[in-house]
Amino acid sequence: KNEVEQSPQNLTAQEGEFITINCSYSVGISALHWLQQHPGGGIVSLFMLSSGKKKHGRLIATINIQEKHSSLHITASHPRDSAVYICAVHNTDKLIFGTGTRLQVFP
Amino acid sequence: DVKVTQSSRYLVKRTGEKVFLECVQDMDHENMFWYRQDPGLGLRLIYFSYDVKMKEKGDIPEGYSVSREKKERFSLILESASTNQTSMYLCASSLGAGWYEQYFGPGTRLTVT
């Protein structure tokens, strides 16, 4: 069993829909990251959080430390949000990655 | 803005060749990392470095070595490339140890034939 599990693996949505991607982990962590990877490979960091909730534009990330669970929400989704979203947890000095959620948003 | 660059976006090599992948960061970061990314497996850590001339094995170091002679540059070496090393290779850097944000390069898609 992977130490970081994401669901769903694949997600399709119509433009404007509210989207939720989930991440569960089984190890102790000091922080959790949400990353975005567009076709072509480059990865950018969206959020790093260790408690509560963070918001940036249409993106919201929450974490529940007791339940070892985090969610990434996208409000009013847009085709440019189409990407792979990756959850990663900081365990000691290393990041442990989930396998990613591939999101496609259609106009 | 932090910039992490990698020497090639696409690379095709033959089995048995020695392959060098280079990564350069411009923000004086202490830590640098090499990952490979494969479908269904996510990113896996190959090696990382906390300082010049220092290296630590990650989760899958077999078949790879690294070099960090200068703070800004971290090289990944495949001593004798094999087809199972066909993958996307991503370099990253971070300011320090612990839970600092990692900044990723654009990736090198390596094909070994």
In bins 5 Å wide, starting from 0, what share of all Cα pairs of the protein assembly as shown does each bin hold, as a percent? 1, 7, 15, 19, 19, 16, 12, 7, 3, 1, 0
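How shielded is B:39-48 by partner chains, expressed as the average number of their Cβ atoms within 10 Å of its Cβ atoms?
On the way: counts 2, 3, 4, 12, 11, 2, 4, 0, 0, 3.
The shielding value for this peptide is 4.
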GNM on chain A, Cα springs under 10 Å; top mean-square fluctuation among A:Gln66, A:Gln37, A:Gln14 goes to A:Gln66
If R₀ is 41 angstrom, what is the calculated FRET efficiency for the pair A:Ser30 and B:Thr113, using the beta carbon separation as r and rounding to 0.05? 0.50
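Let me know the mean shielding of B:103-111 by other chains, meaning the per-residue number of their Cβ atoms within 10 Å of its Cβ. It would help to have the intermediate numbers written out before the result.
Working: counts 3, 7, 3, 4, 5, 1, 2, 0, 0.
Across the residues of B:103-111, the mean count of other-chain Cβ atoms within 10 Å is 3.
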Springs between alpha-carbon pairs under 10 angstrom, Gaussian network model over chain A: which of A:Ala88, A:Ala13, A:Ala61 fluctuates most? A:Ala13
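Evaluate the charge dipole of chain A about its Cα centre and quote only its size in Debye, nearest 20, assuming +1 on the Cβ of each Lys and Arg and -1 on the Cβ of each Asp and Glu.
On the way: 9 positive and 7 negative charges, 34 e Å.
Roughly 160 debye for chain A.
Hey, what's the Kirkwood Rh for segment B:1-50 if you take every pair of different alpha carbons, in angstrom? Numbers along the way, then the final one.
On the way: mean 1/r = 0.0766 Å⁻¹.
When all Cα pairs of segment B:1-50 are included, the Kirkwood radius is 13.1 Å.
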Lysine pairs in the protein assembly as shown 8 or more apart or on different chains: how many have alpha carbons under 22 angstrom apart? 26
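Please give the average number of partner chain Cβ atoms lying within 10 Å of the Cβ of each residue in A:43-49, rounded to a whole number. It would help to have the intermediate numbers written out before the result.
Numbers: counts 11, 2, 5, 0, 1, 4, 0.
Across the residues of A:43-49, the mean count of other-chain Cβ atoms within 10 Å is 3.
No lab work stands behind these numbers, since they all come straight from the coordinates. Computed from a predicted structure; not experimentally measured. So basically every Cβ, Gly included, is an ideal-geometry build from the backbone, and we count neighbours across all protein chains shown.
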